Amino acid sequence: MKITVSGEPTEVKEGISVAELIQEKDVENPQYVTVTVNDDFIDSGAFEEKTLSEGDQVEFLYFMGGGR
């Protein structure tokens, strides 16, 4: 099935979970990533259960601290 990951069209297996996608995409620091699916934030505790569907748009977000 086709989804969009970080703006790039991507082919993935049917019924892939967010957790599997994170692993498949080799996301750096997965324990710190925030994920949105179709602009909805997904709780990190739901990554295993949340399955993706044809046409979904997935974004991996990292929040950084710092500054003065």
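Each value in this text was obtained by applying a stated rule to the coordinates, not by laboratory testing. Keep in mind it's a predicted model, so treat the numbers as computed, not measured. Heads up, the Cβs are rebuilt from the backbone with ideal geometry, glycines too, and the neighbour counts pull from every protein chain shown.
Here the simple spin-label model places points 7 Å from the Cα toward Cβ, and for Glu54 and Ser17 these points are separated by 2.4 nm. In terms of other Cβ atoms within 10 Å, Ser17, Ser53 run from fewest to most in the order Ser53, Ser17. In loop segments of region 21-68 as defined by DSSP, the chymotrypsin sites (Phe, Trp or Tyr not before Pro) with at most 15 further C-beta atoms inside 10 Å of their C-beta are Tyr62, Phe63. The HN-Hα couplings worked out from phi for region 34-41 by the Karplus form 6.51 cos²θ - 1.76 cosθ + 1.60 (θ = phi - 60°) are 10, 10, 10, 10, 6, 6, 9, 6 Hz, whole numbers, x standing for Gly and Pro. With the simple spin-label model, which puts each label point 7 Å out from Cα in the Cβ direction, the Ser44 to Tyr62 separation comes to 1.4 nm. Put simply, the amide H of Val5, placed in the peptide plane, has neighbours under 5 Å in Thr10, Val58, leaving out anything fewer than 5 places away on its chain. Placing unit charges on the Cβ atoms only, positive for Lys and Arg and negative for Asp and Glu, gives the chain a dipole magnitude near 280 debye about its Cα centre.
Positive end of the dipole of the chain (Cβ unit charges, origin at the Cα centre): among Pro9, Gly66, Gly45, the Cα lying farthest that way belongs to Gly66. Using Rg and Dmax of the Cα atoms in Å as the read-out, say which of [x] 12.6, 40; [y] 12.2, 46; [z] 10.5, 32 was calculated from these coordinates. From the options [x] 12.6, 40; [y] 12.2, 46; [z] 10.5, 32, the structure gives [y]. Using only helices, what value at 222 nm comes out for the chain when you add -39,500 (n - 2.57) per DSSP H run of length 4 or more and divide by the total residues, to the nearest 500 deg cm²/dmol? Result for the chain: -2500 deg cm²/dmol, rounded to the nearest 500.
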